[in-house]
Structures are given as C-alpha cells and as structure tokens.
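Presented below is the structure to which this report refers.
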Amino acid sequence: MLYNSTRDNAQAVEAACAIAHGISKEGGLFVPQSVPKLTKEDFKALKGMSYVERAKYILGLFLTDFTEQELEYCAKGAYLGSFDNDLPAPLKALDDKVSILELWHGPTCAFKDLALQILPYLLTTSSKKVGDGKKTVILVATSGDTGKAALEGFKDVPGTEIMVFYPNDGVSAMQQLQMNTQKGENVYVCAINGNFDDAQTGVKTIFTNENIKNLLAENNMEFSSANSINWGRLAPQIIYYISSYCDLLDKGEDYLKDGFNVVVPTGNFGNILAAYYARQMGAPIGKLICASNSNNVLSDFLKTGTYNRNRDFYTTISPSMDILISSNLERMLYELTDHNDKQVAAWQDALKNEGKYTVTDDVLSKLKDLFFGGYCSEEETALTIKNVFEKYGYLIDTHTAVAVSVYEDYKAQTGDTRPTVIASTASPYKFANSVLSALGETVPEQEFEAAEKLSSKTATEIPAPISALRTAEIRFSNVCEKDDMNKVVLNHLGIK
Ligand SMILES: *Cc1c(COP(=O)(O)O)cnc(C)c1O
C-alpha cells in the first residue's frame, strides 16, 4: 500500500515514510492510494477478537510495510495496560436504538488517547524502517487535550524527546495540572506568555527554521509532529468504528439490516474522517453526522459547499471543538474528487490566501449523500447534558452533548430512526465545572471540589487519572516569552 500527497500525486511513499515525516514536503497530507475492503468473513473473524487483535488486523491492511511482529508490538504496547479493563472503546446502550461509544477510558480521559497511545510505537518503528536512526523530537502546541495525551503517549519512549507549549492563561486549571505533573524522563512542559495561536506559530516557525534544523541534524536529531495531520494518528481511529460495528453485531443481523448512523463531535475533522474510512472499508454506516458547536464553519460548508473561515471565533464550553480550520477536511476533498491533487491544492491555496473556497456541485452532492452537518448553541449543549442525565441517568461531557443535540435535530428533520452510534470524546470530569453548572448546581471554586460534587450528585466515579492529580508532584512551572521558544528548545536539547 502506497500513500500519495493530497497536493501532489507524484509523491508516493510507504506507510513508514508517511508516518515518520508526518506531512508531505509541499504541505499536503498523506492518503492511502486505495481503501482496503473487509468481507463478511473478515467481520465475522473480527467479532471474535480482542481490541488488540482487531487493531493489529486493521492496521495491518494499511501499514503493509510493517511486519506481524511490529504490528503486534505496537498494538499490545498501546492498548494493554493503559485503558480501564483493557477495553479502549466500550459501547454502552443508551436505549434500543442509540449506543454511546465511550472513547475516554485512557490515561488522559479524552479520545485522543486512542491514537496518541499508539502513535509513539508507530513513529519509532517507522523511523527505524526509514533508517535514519535519529532521535525524534516531538514539538507540540496545545490548547489542552492534545498536549497531555501526547505527553502520556511519548513518556519514556526510547529514541524520543517531547516538548509541549501551552498558552499560560488559555487552558483549564485541570488541564494545566495534568501537564505540569507529567512524569517521564524525556518530557518537557512550558507555558508561554501568549495565546494558543502564538504557541502554534512559534512551533511552526521552529519546524521550518533551516538553521535550527541543521543544528539538530548535526546532533543526530530531527523534529516530528504529533497532531492529526499525521496518518499514524488517523489510522488508529478507524479501528474503533470497525470495532463498534463488531460489537453491534451482537444484537443480530436484523437489527442492522438498514445499517447504522455515526455521530461525531467535530473540530479538526480527524475523528469523523476515520468513521468515513471505516464506511469505505465495508462497515454498513449510513449517515455520518458531523456535530459542531457555535464555531459552525463545517455545518455551513456541508450545507452550501462554501468553506469560509472569515467569521468570529467563539470560546465555548466544548473548547476542543473551537476551531475554524479543520485540517483533515483536505483528505476528504481529495477522496471526493477522485484524488484530484491540483484541485485540492487550489482550494487549500484559496483558503490560505482568501480564507475561503467553494467546491464543485459534484463534490457538494457527494458530501450531502454522506454527511449531515449541524451545530448547537451553548444553552442547547447545557440543556442536553441535563436532559440526558434526567432521562437515562447517564452523564456526558460538553463535547458529547453537542453530538447528542445535533443527532436529535437530525432525527427530527429526517425521521431516520436507524440504530446510531454516538462518539463520546471526553470524560465529564475533564470539564466538571461546565457539567455541574449544566445540571443546575452552583460550582465550587476549587476544581477538585467540583469533581467531588459532581460525583456525589450523579453517583458516578471520578476517573483515577483525575483523582491522582490531587496529590501529584508539580514537576514543571516553566514560563517563557513567545519569541524565546526556539532558545528554550535548543537549551533543553543541550544544543549550543
Ligand atoms: C479533539 C477533540 C474533539 C475534536 O476531534 P477532531 O478529530 O479534531 O474533529 C472533540 N472532542 C474532544 C473532547 C476532543 O479532545
């Protein structure tokens, strides 16, 4: 299996190369040349497997340059011992028709663990294959969830060093504590005096600085990225959609005779794109329901065919979806134009230069067949948390609530009552304040008191990784100016 760049079909590389480099040199994203298909027999076999075995099987179809041993090493390393009961993606029935795919049983309580627990294994295996033997330095700019999940994934992974930068006043107290108490010998965390964009720009500037790149090379090191433009982060997300179908098969063939819908609370379009690939592989997925918060650039796009980022940015109670440029949409456009690299490159240029582009009628009609896009307000998000808890006794976080709310709209508009899987992307305890307030309670000032109040009010347990923070040692309290990030990086790496 070879991978092409979305902006240049002449680039054709094996999976290891796509993963080791993360992004193609002209800025495109790597996409597999074809999508492997699963037969009825394959699904039957997968149904009888553990999550680790399913992961190995599915990744093997995409990463054809990995050996059996390598796939097993990666899948076991990632998914054994890090998730509650070794079940990374349990499916919980909400009622007869709707199931919740709980993706927050990992070490940082958000769905990013499903990919960031395995990425370090995929990346180090890939680097060895590509054969440069260099130490990989992972640089991350984060607004919260990605930084912690990447730190947990890469901690003490031989041959890697990870450095995370976050905006000093831009993350929640719980998220800051999660990062500053991070254990491991190869980790480094620093706040910057600036916002998330400053952190992101700082990291990008370091990535593209030839001088710094050469200094690293002289010291046998190279940079890489842990964000979702890397195929090594996307491929692992396909596993849990296939896995959820295998679990649904327990309800019998008749239950699934018309297929099932998938609802995803969406930001960067990575998670829902993985569901699309699961559909292309043969999982009988009907509609892909793309749920946004007030930053509704995607739901507008799916209705009109015009992607327009020139709009106000809102800070919401579902902060991991506060995003106006959904990077992985580029892969979707490449798929829907039958791999038209020139066309995709032109749209991305327009996005960069004018902040918008409009797709062809043909692409729009394909998008409308596949997707339903909707969004919900802050009030609707909060109300949904309350309603779901009162109706089902089931507690959801602010991101999952956006998905549930948009799904209700979808059902009301279309009358489609097929079985449905809703991706639940974070533990409610990561956003205890907002969840508590949605339930109509007053919110204590102290984060842990909020978590405890939520726990006693709802009779649910605080996840162990969050209670452990209370007594965890603070290891990092670094703060730097945004223009000093390059010095901080070189200093930390011991390069003069
Ligand atoms: C990152 C994140 C999302 C958005 O996922 P994308 O793959 O970027 O679309 C949704 N919910 C939570 C809790 C997240 O951390």
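The values are calculated or read from the model by the stated rules, or taken from the named source; none is laboratory data. No experiment lies behind these values; they were computed from the predicted model shown. Neighbour counts run over all protein chains shown; Cβ positions are idealised from the backbone, glycine included. Ligands, DNA and RNA are excluded from the accessible area calculation, which covers all protein heavy atoms including side chains. Shrake-Rupley method; radii C 1.70, N 1.55, O 1.52, S 1.80 Å.
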### Message
Tell me the carbon and sulfur percent of the accessible area for segment 161-307, rounded to whole percent, probe radius 1.4 Å.
### Response
44
### Task
Compute the distance in nm between two label points, each set 7 Å from the Cα along the Cα-to-Cβ direction, one at N353 and one at N168.
3.9
### Message
Among the listed pairs K128/K487; K97/K287; K386/K453; K204/K496, which have their C-alpha atoms separated by more than 19 angstrom in this model?
### Response
K128/K487; K204/K496
### Task
Could you tell me whether segment 134-273 comes out rounded, prolate or oblate from its Cα gyration tensor? Rule is a ≥ b ≥ c as square roots of the eigenvalues, rounded for a/c under 1.5, then prolate if a/b exceeds b/c, otherwise oblate.
prolate
### Summary
Per DSSP, the loop-located trypsin sites (Lys or Arg not before Pro) within segment 257-287 having at most 14 other beta carbons within 10 Å are K257
#### Entry: Distance in nm between pseudo-label sites at D250 and T414 (7 Å out along the Cβ direction from Cα)
2.6
### Query
Ordered by packing density, taken as the mean number of other Cβ atoms within 10 Å over each peptide's residues, highest first, how do 166-175, 307-316, 130-139 rank?
166-175, 130-139, 307-316
### DSSP-defined beta bridges in the chain - what % are antiparallel, rounded to 5
25
### Summary
The answer for the net charge of residues other than D416 whose Cβ lies under 10 angstrom from its Cβ, with Lys and Arg +1 and Asp and Glu -1, is +2
### Query
In segment 1-78, what trypsin sites (Lys or Arg not before Pro) fall in a loop by DSSP, with at most 13 other Cβ atoms inside 10 Å?
K25, K37
### Query
Expressed as a rounded percentage, what relative contact order does the chain have, with Cα pairs under 8 Å and six or more residues apart?
18
### Query
What are the trypsin sites (Lys or Arg not before Pro) within segment 176-243 that DSSP puts in a loop, where the Cβ has at most 12 other Cβ atoms within 10 Å?
K183
### Task
Taking the Cβ of S24 as the centre, find all other residues whose Cβ is under 14 Å away and add up their charges (Lys, Arg: +1; Asp, Glu: -1).
-2
## Note on the structure
Checked the chain against the a/c 1.5 cut and the a/b vs b/c comparison, axes a ≥ b ≥ c from its Cα gyration tensor; verdict rounded
### Query
Roughly how many percent of the accessible protein surface of segment 80-151 is carbon and sulfur, given a 1.4 Å probe and a whole-percent answer?
47
### Message
Would segment 434-487 count as rounded, prolate or oblate if I go by the C-alpha gyration tensor, calling it rounded below 1.5 in a/c and otherwise prolate when a/b exceeds b/c, oblate otherwise?
### Response
prolate
## Note on the structure
Magnitude of the Cβ-charge dipole (Lys and Arg +1, Asp and Glu -1) of the chain about the Cα centre, nearest 20 debye, reported as 560
### Task
Just grab the label-to-label distance for L469 and Q280, each label 7 Å out from Cα along the Cβ direction, in nm (one decimal).
3.7
### Summary
Stokes-Einstein D for segment 1-129 (20 °C, 1.002 mPa s, Kirkwood Rh from Cα pairs), in µm²/s, comes to 132
### Query
Taking only protein heavy atoms and a 1.4 Å probe, what accessible area per residue, in Å², does the chain have with all protein chains in place?
40
